[in-house]
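This report refers to the structure that appears directly beneath it.
The values are calculated or read from the model by the stated rules, or taken from the named source; none is laboratory data. This structure is a prediction, so every number in the text was calculated from the model and none was measured. Cβ: placed from backbone, ideal geometry, glycine included. Neighbour counts: every protein chain shown.
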Amino acid sequence: MGFIEDLRDVIELEREILEEMLDDIRARFGEEPKLFDDYLPSLARVPTWEFQECVERLRIAHGGADVVADPIRSPRASSGRQPKKNAA
């Protein structure tokens, strides 16, 4: 990998590094890590979604609940509770 073209390149590099780490753990510790294969499956099958797709999946999973795509810039973020001031 010479140049990073987009976020997918970074995600792929992270995936490769994590897979190598898990392979190394499996090689070093023999049979014991195999007990965790259900919890540590191959990262080759991990899906990658764009941010908007994640937001939409959250909306669907929570029945169209109030999922805000950008919580920092949301009107609710600025209209929330104000920090309490210490009484001196």
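Restricted to region 43-69, and to residues that are over 16 Å from the mean Cα position of the chain (by Cα) and either under 30 Å from Glu16 (Cβ atoms) or assigned to a loop (DSSP other than H, G, I, E, B) (or both), which residue is modelled with the highest pLDDT?
Going through region 43-69, the residues over 16 Å from the mean Cα position of the chain (by Cα) turn out to be 59-68.
Within this subset, residues satisfying the condition of being either under 30 Å from Glu16 (Cβ atoms) or assigned to a loop (DSSP other than H, G, I, E, B) (or both) are 61-68.
Values: Ala61: 87, His62: 83, Gly63: 80, Gly64: 73, Ala65: 69, Asp66: 74, Val67: 73, Val68: 72.
Of everything passing the filter in region 43-69, Ala61 is modelled with the highest pLDDT.
Counting only residues that are among the aliphatic types (A, V, I, L, M) and at pLDDT below 85, which one in region 5-42 is nearest to the chain's Cα centre (by Cα)?
Restricting to residues being among the aliphatic types (A, V, I, L, M) and at pLDDT below 85, the top hit is Leu7.
Which condition number in (1) surrounded by 11 or more Cβ atoms within 10 Å (Cβ to Cβ); (2) assigned to a loop (DSSP other than H, G, I, E, B) is the one that Asp38 fails?
Of the numbered conditions (1) surrounded by 11 or more Cβ atoms within 10 Å (Cβ to Cβ); (2) assigned to a loop (DSSP other than H, G, I, E, B), the odd one out for Asp38 is (1).
What's the total number of residues in region 17-51 that are without any contact (Cβ under 8 Å) to a residue 40 or more places away in the chain and of a type in the set (Ser, Thr, Tyr)?
In the first step, residues of region 17-51 are kept if they are without any contact (Cβ under 8 Å) to a residue 40 or more places away in the chain; the result is 17-47, 49-51.
Next cut, of a type in the set (Ser, Thr, Tyr) only: 39, 42.
Of the residues in region 17-51, 2 are without any contact (Cβ under 8 Å) to a residue 40 or more places away in the chain and of a type in the set (Ser, Thr, Tyr).
Would you tally the residues in region 24-35 being part of a loop (DSSP other than H, G, I, E, B) and surrounded by 10 or more Cβ atoms within 10 Å (Cβ to Cβ)?
Initial filter on region 24-35 (part of a loop (DSSP other than H, G, I, E, B)): 30-31.
Going one step further and asking which of them are surrounded by 10 or more Cβ atoms within 10 Å (Cβ to Cβ), we end up with none.
So the count comes out to 0.
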